[in-house]
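One structure is given here, and the rest of the page talks about it.
The values are calculated or read from the model by the stated rules, or taken from the named source; none is laboratory data. Remember, it's a predicted structure, so these values are computed and weren't measured experimentally. Because the Cβ atoms are built from the backbone with ideal geometry, glycine has one as well, and the counts that use them run over all protein chains shown. Accessible surface is based on the protein model in full, side chains and every heavy atom, while ligands, DNA and RNA are left aside. Shrake-Rupley method; radii C 1.70, N 1.55, O 1.52, S 1.80 Å.
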Amino acid sequence: MYVNGFILAVPADKKDAYKGVAEKFWEIVKDYGAKSQIECWEVDVPDGTTTDFRRAVKCEDGEKVVFSWVTWDDKETADASHDKMMADERMTTFFGDGKDMPFDGKRMVYGGFEPLVWKEA
């Protein structure tokens, strides 16, 4: 299992627009081997004393934190999908040149992870 994780700031009034982007992204990413996509909208994100989610993405007034991840069978599948997804015509059809995205991609934090502990009931 491999996980791509993301944290970003989205203006509160663009929640529906962000949801639409996430849903369109799933249509692409699943075709390249993703197993799941979870998108979480801020409900209770406290300010920390040293650092926190808000500071990580330079959250501005009126913005909410989004915490999301995409799961893959392995890192190789995730890595192999990246260039193919970027070349997929749906990326341009759905998202254009990226200027109309409902968030500032420069403030997004992301990375790849291997689960250390995974428990389910």
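Assorted remarks:
- For segment 81-92, residues that are more than 23 Å from residue 7 (Cβ to Cβ), open to solvent by less than 90 Å² (accessible area, probe 1.4 Å) and touching a residue at least 24 places away in the same chain (Cβ under 8 Å) total 2.
- Residues of segment 22-36 satisfying the condition of being over 13 Å from the mean Cα position of the chain (by Cα) and among the charged types (D, E, K, R): 27, 30, 31, 35
- Residue count for segment 93-102, restricted to those that are open to solvent by 50 Å² or more (accessible area, probe 1.4 Å) and in a helix (DSSP H, G or I): 2
- Within segment 41-64, tally of residues that are touching a residue at least 24 places away in the same chain (Cβ under 8 Å), out of contact with any helix residue (DSSP H, G or I) (no Cβ under 7 Å at 6 or more places or on another chain) and surrounded by 13 or more Cβ atoms within 10 Å (Cβ to Cβ): 5
- Meets criteria (under 19 Å from residue 38 (Cα atoms), open to solvent by 50 Å² or more (accessible area, probe 1.4 Å), aromatic (Phe, Trp, Tyr) and more than 17 Å from the chain's Cα centre (by Cα)) for residue 69: no
- Identity of the residue in segment 7-21, under 14 Å from the mean Cα position of the chain (by Cα) and crowded, with 17+ Cβ neighbours inside 10 Å, that ends up nearest to residue 59 (Cα to Cα): 9
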